[in-house]
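The structure appears below as structure tokens.
The values are calculated or read from the model by the stated rules, or taken from the named source; none is laboratory data. Note that this is a predicted model, so its numbers are computed, not measured. Cβ: placed from backbone, ideal geometry, glycine included. Neighbour counts: every protein chain shown. Side chains included, ligands, DNA and RNA excluded: accessible areas come from the protein's heavy atoms. Shrake-Rupley method; radii C 1.70, N 1.55, O 1.52, S 1.80 Å.
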Amino acid sequence: MLMQALDWWMVAGFFAILVAIPLLAARMNRGTSKDFLLAGRSMPWWLIGFSMTAASTSTDSANLFTEIIRKDGLAGNWVWWAFLITSVFTVFIYSKLWVRTGVTTDVEFYELRYSGKPAAFLRALRGVYLGVILNLLVMGAVVLGGLKIGVVLFGCSSATVLVFTGVFSIVYVAIAGLRGAVYTDFFLFLVIMVGAFAAMFYALELPEVGGLAGLAAHPALAGKLSLFPDFSNADAVFSLLVIPLAVQWWAVWKQGSEPGGGGYIVQRIMSAKSEGHAMVGTLFFNFIHYAIRPWPWYIVGFCSLIVFPELADIQRAFPSVDPKLVGGDMAYSAMLTKVPHGWFGVVAASMMAALFSTVAAHLTMGSSYVVNDFYRRFVRPQAGDRELIWAARLVMVVFMVFACLLAPLLTSAKTAFDLMLLIGAGSGPIFLLRWFWMRINAWSEIVGILAALLAAVVLELVLPRCGAPALASWQKILVGAGVTTVGWLVATFVTKPEPQAVQDRFRALVRADGRDAGKGVLWTFLVSVAIFASMGLAAAFVRGF
């Protein structure tokens, strides 16, 4: 299905608004680096919540959920649903602590919590590790999602999609920094959801699907609509439910769901006008992110099992697409071609909105790390605001180029997702405990980073080439988490704690109270149960319509 005039007008209108918003937002910036990177710490809760949701919503999100559903059904999503728990912990315990630090990035935190050369080294290491290595991996996966959707929706070459994505992302993100990104995210989220519901509506209207009733009764979806895996299948229960809920949510670091908060989530928390706005905005984000946002994508994913039951069906429908790109994650973009013209343009714009919102989040976050926590801290401490802003823009260009080069090397959304989980396995407890357990020091985090990275390299690259038995994703996470946890705990106890003066200064700054943490645990339990219950009701509605 190729774009027609009405579709192109829809897309053109989308781009006009997308450029206009950051241009207007740029006029509100006061020319300081903190204004460029943190929007002047003036954002209200609702903008923060929508921006977090848009930043967490990318083209590879819809692709990933579709790939999961085609393989493991709805229950396969526990691999990321489990991160709701740590995200809600961030709401009730950590969001206010982050605001009290007053930092520009979560990496700057290290020289508040720790001291001396180890703290400085950790800040530089974490800034490069998060801002460059992991950030580029995530951006590569996001651009890969855009690539798989672009070649299907627009019928153009991979190179054209990559060049257009790179150029336009830089133009609109670099105009106004975080303020422009947050304001634009609100618009992008609305476009994303309108397009997602339109795609769902027309997928259900297909004769072979027959609406929600036909979907629920179709034999291709037998066992796929349950919120939980088949409890008679011990392997499925263990890998899809037990490991995520018992281990993964607290043990694994994942961008967007970091234990204790981090990355673009903390960047938006730090942009809040108060602790209350930070907390409510983060709570608002979690409800939308888990309970509302993904359901149109789930339903389109279910429909894809009826319309394109095998990957060969997708290849036959799109013979011009490179066979290397055809996978379960391409089924979503294949389904979008069933939307009629006019709405097809809206859906295409929604996919671009998902792409640009996430790219913007990672460009602003990554440039903040490199400029604030490496360039200004170690290279040019005397740099002025104008220099720092232009340095951030240059970093954005470099990041975008490398992300576009990396994207074709990745195979699928699920492969990239599993790799990111493995790289972060075992470091989660550090981020949860370091606010309260003063025995943790800079060496704990340094060893945690290096041990997790080394474990991932050995499990993904070394052992397969040595003829070792293949391990499932959950087995790799358990091994990686175990090795990393032992490593950082040993480092904690064989090295000295931070000086008492440093500990006292940190405690006085963030006022981390154990009693507040206890209340936070209770509220986390209640809210997590409420959101999981709402997801269960939605699943029951789909099954029983």
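Find the helices (runs of 4 or more DSSP H) located wholly in the stretch 103-198 whose residues include 1 or more that are under 23 Å from V300 (Cβ atoms), and list them. Steps first, please.
Details: elements: 110-113, 116-128, 135-153.
The qualifying helices (runs of 4 or more DSSP H) are 135-153.
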All-but-one check, P207 against (1) farther than 23 Å from A272 by Cβ; (2) in contact (Cβ under 8 Å) with a residue 12 or more places away in the chain, failing number (2)
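Only one residue in A470, A425 is modelled with pLDDT under 85, of a type outside the set (D, E), surrounded by fewer than 14 Cβ atoms within 10 Å (Cβ to Cβ) and within 30 Å of V142 (Cβ to Cβ), so which one is that?
On the way: A425 fails: surrounded by fewer than 14 Cβ atoms within 10 Å (Cβ to Cβ).
The conditions single out A470.
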Out of the residues in the stretch 304-333 meeting the condition of being in a helix (DSSP H, G or I) and open to solvent by 30 Å² or more (accessible area, probe 1.4 Å), tell me which one is nearest to I69 (Cα to Cα). L311
Among the residues listed as T53, T86, the single one being touching a residue at least 12 places away in the same chain (Cβ under 8 Å), open to solvent by less than 10 Å² (accessible area, probe 1.4 Å) and touching a Lys or Arg at 6+ places or on another chain (Cβ under 8 Å): T53
F109 without any contact (Cβ under 8 Å) to a residue 24 or more places away in the chain, over 30 Å from A159 (Cβ atoms) and either touching a Leu at 6+ places or on another chain (Cβ under 9 Å) or open to solvent by less than 10 Å² (accessible area, probe 1.4 Å) (or both): yes
Out of the residues in the stretch 177-229 that are in contact with an Asp or Glu (Cβ under 8 Å, 6 or more places away or on another chain) and buried (at least 20 other Cβ atoms within 10 Å of the Cβ), state the one that is nearest to A538 (Cα to Cα). P229
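Residue by residue, here is whether (1) farther than 28 Å from N77 by Cα; (2) among the aliphatic types (A, V, I, L, M); (3) not in a loop (DSSP other than H, G, I, E, B) holds:
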| position | (1), (2), (3) |
| --- | --- |
| I449 | no, yes, yes |
| L454 | no, yes, yes |
| L463 | no, yes, yes |
| A468 | yes, yes, no |
| F493 | yes, no, yes |
Could you please find all residues in the stretch 285-317 being of a type in the set (S, T, Y) and under 23 Å from P219 (Cα atoms)? Y298, S304
Please go through the stretch 496-545 and pick out each residue that is free of Cβ contacts under 8 Å to residues at least 12 places away in the same chain and outside any helix (DSSP H, G or I). D513
